[in-house]
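Some notes on the structure that comes next.
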Amino acid sequence: MKKKPKWTTLIIIDSQATKTTCNAGVESRGFCSYKATNGIKRHLAVDSLGFPFFTHLTKANVSDDQGLSEMLTINIEYFKTKPDDIPITTILLDSGYHIEKLTADLEKVYPEIMTKIRVEIAPKMSKQEKQEKGLSGFVTVPTRWVIERSNAWVERCKILVKNFERTLFNATAKLNLCFIRLMLKRIAAHKI
């Protein structure tokens, strides 16, 4: 089997709010007003296959921009050690993020980061384009469905349907274990 390269040219990022049970600790509770969820927020960065590059969990009241800034700041070494001869990595976001704020936050941590990444908002289909194609309602954005599929994979792990953990550290460990299990099943199926 061909080894996957360490460096990627595309990272797709999204957040997902998850409700918290009464057993969860105060550290892992917050209220997200625009998603009307009392719980945590999972910030997930995946490659083009939907496998995670970075994961970060916050209280639900942390904005998507702030959670993304925290996630990339924690993993800034990935970008610092990326060789200059590798193509620029595109970070694809949905329209809930603000590129200017994210760029300013990341440049405070690592001033040369914009020489290694490009941040883009995934284009949505306009109402006119939907009508021309005979579509209505929710229509997936071709490159964004990868992250949505990854979020759906997480929902298959029953322990992650809601947040039962007292700390964000434990919740992060459960999320990472879910993806490790998924990747091991894929590898095992490939070798049979």
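Looking only at the range 19-53, residues that are without any contact (Cβ under 8 Å) to a residue 60 or more places away in the chain, over 23 Å from Thr143 (Cβ atoms) and in a loop (DSSP other than H, G, I, E, B) come to 5 in all.
Picking from residues in the range 54-69 that are surrounded by 17 or more Cβ atoms within 10 Å (Cβ to Cβ) and in a strand (DSSP E or B), the one that is farthest from the chain's Cα centre (by Cα) is Lys59.
Selection of the range 147-192 for residues being small (Gly, Ala, Ser), within 20 Å of the chain's Cα centre (by Cα) and farther than 21 Å from Cys22 by Cα yields Ser150, Ala152.
In the condition set (1) among the charged types (D, E, K, R); (2) more than 16 Å from the chain's Cα centre (by Cα); (3) under 24 Å from Ile74 (Cα atoms), Arg144 is compliant with all but (2). Within the range 23-41, the set of residues being open to solvent by less than 10 Å² (accessible area, probe 1.4 Å) and basic (Lys, Arg) comprises just one member, Lys41.
The values are calculated or read from the model by the stated rules, or taken from the named source; none is laboratory data. The structure presented is a predicted model; accordingly, all values stated were derived computationally and were not measured. FYI the Cβ positions are ideal-geometry reconstructions off the backbone, even for glycines, and counts take in every protein chain you see. We work out accessible area using only protein heavy atoms, side chains counted, and drop any ligands, DNA or RNA first. Shrake-Rupley method; radii C 1.70, N 1.55, O 1.52, S 1.80 Å.
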